[in-house]
Amino acid sequence: MTPAPLIEQSAAAVPLFGGGDLDSPPWLAQMATDAASSADWKIAEDEVDLLREAADDMDAQDQQFGGNRLWRPTRAHLLWVHHMIDRGIYDDRLGEQLHALAGKFTTSLGWFSYDAGLQAKARQYFSEALNAAMLTGDDVLASRTLSNMARQAVDLDKGREAIRFARLAQTHAGLWRAPTRVTALLAIREAQGHARVGDAFNCESAIKRAWKEWERGSGDRDPDWTTFLNQAELVCLEGMCRLDLGQTARAQQLLAKSEKLQDVAHSRNRGMCLGRLATAAIGAGDIDHSVDAAREAIALIRTAGMSSARAVQQLKIVHDGLAPQHRARGVGDLLEEIRAVVA
């Protein structure tokens, strides 16, 4: 019997998280009461520095493990930062840092929610981060958030929206004279939008711009949210563009190159690349390599602690693509492995 498509089954799946995700953590309510009773809650710069380090740590964990386990603690940190802003005593300089930190947590929370498959929540947090950027004139935050929104729009099959977000991000990037790592990222985000709508000409142009900017090198002004854009990631993103354009053979070559280049610190991205590689190999009729790539992606989930709903969703796509080939060598066993992972 041909296995039933997992994409169709996912609509009836149990939610990843139970309960209402808008409830504040219990410790926050108690601490809020304690702080409110104090007439002199002076915010220390060390507190802000520690929270900023926590935000950076969560972003790094996302790159290696994915966002499923991160969105809840990030939301708790964001609630606390807002409480500090509302109730604390601080000077203008520290106030600017607190608002910038709130924006950083908010756009990260949007990204973690996106990676966890909570798309409506992700769009909500991205919108909040973008509103904050507009109100405070923070073009750096606007560039980052719009880049995230463009990436999500591609996954939601909203290619034109992705192009608009990427181009608006480029406008904001120009206002703060963004370094080349930022301009490279925004160019490849635009390329992904063009690829999703099947516009090969403009996609090729944007890919060339992305590589031209990336090859100009990194620098001290590169923001931390661009550190993931190493050579392996840019090769992978180009491969994803080629896949969306139907250039399966070229996509397979690029994705195979990317997964070999990627390091352990970016295991979630490698897992995503392996899933796309398996899909490209199916399109190219290379079933053996599709099976191998999918098995490596499964290993990252089972043994390396990766917790990304996006990576699991990509395995569902691989499952459904391989299902008609279930009698081929190794395919039947792989389909069972995928079903066990996504159950």
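The values are calculated or read from the model by the stated rules, or taken from the named source; none is laboratory data. None of these values were measured; they are calculated from a predicted model. Here Cβ is always computed from backbone atoms with ideal geometry, including for glycine, and neighbour counts include all displayed protein chains.
Look at the range 304-322: where a residue is closer than 15 Å to residue 60 by Cβ and in contact (Cβ under 8 Å) with a residue 12 or more places away in the chain and a partner is surrounded by 22 or more Cβ atoms within 10 Å (Cβ to Cβ) and of a type in the set (Lys, Arg), sitting 6+ places away or on another chain with Cβ atoms under 8 Å, you get 306/268; 308/268. Within the range 184-222, the residues that satisfy the criterion of being farther than 17 Å from residue 239 by Cβ, part of a loop (DSSP other than H, G, I, E, B) and of a type outside the set (D, E, K, R) are 197, 217, 218, 219. Scanning the range 323-343 for residues that are part of a helix (DSSP H, G or I), in contact (Cβ under 8 Å) with a residue 40 or more places away in the chain and among the aliphatic types (A, V, I, L, M) gives 323, 331, 334, 335, 338, 341, 342.
Being crowded, with 20+ Cβ neighbours inside 10 Å and at pLDDT 95 or above holds for only one residue in 201, 165, and it is 165.
Restricting the range 125-162 to residues that are of a type in the set (D, E, K, R) and assigned to a helix (DSSP H, G or I) leaves a set whose member that is surrounded by the fewest Cβ atoms within 10 Å (Cβ to Cβ) is 160.
Set side by side, the residues 98, 50 differ, and just one is out of contact with any helix residue (DSSP H, G or I) (no Cβ under 9 Å at 6 or more places or on another chain) and either in the same structural domain as residue 312 (by TED's automatic domain parsing) or among the aliphatic types (A, V, I, L, M) (or both), which is 50. Among the residues of the range 152-159, is any of a type in the set (Gly, Ala, Ser) and more than 19 Å from the chain's Cα centre (by Cα)? Checking the range 152-159: not a single residue is of a type in the set (Gly, Ala, Ser) and more than 19 Å from the chain's Cα centre (by Cα).
Test residue 300 against the criterion of being in a helix (DSSP H, G or I), of a type in the set (A, V, I, L, M) and modelled with pLDDT under 95, and give yes or no. So residue 300 fits the description; yes.
All conditions but one from (1) buried (at least 24 other Cβ atoms within 10 Å of the Cβ); (2) under 18 Å from residue 232 (Cβ atoms) apply to residue 304; the one that does not is (1). Any chance the range 249-262 includes a residue that's surrounded by fewer than 17 Cβ atoms within 10 Å (Cβ to Cβ), modelled with pLDDT of 95 or more and either in the same structural domain as residue 207 (by TED's automatic domain parsing) or small (Gly, Ala, Ser) (or both)? Yes, the range 249-262 has at least one match.
Kindly indicate which of 76, 35 is at pLDDT 95 or above, over 24 Å from residue 142 (Cβ atoms) and outside the structural domain of residue 262 (by TED's automatic domain parsing). Within the list 76, 35, the selection yields 76.
Residues are listed down the side, and each one gets a yes or a no for (1) of a type outside the set (D, E, K, R); (2) exposed (fewer than 15 other Cβ atoms within 10 Å of the Cβ):
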position	(1), (2)
62	no, no
70	yes, no
80	yes, no
89	yes, yes
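Just one of the listed residues (122, 142) is within 11 Å of the chain's Cα centre (by Cα) and free of Cβ contacts under 8 Å to residues at least 40 places away in the same chain, namely 122.
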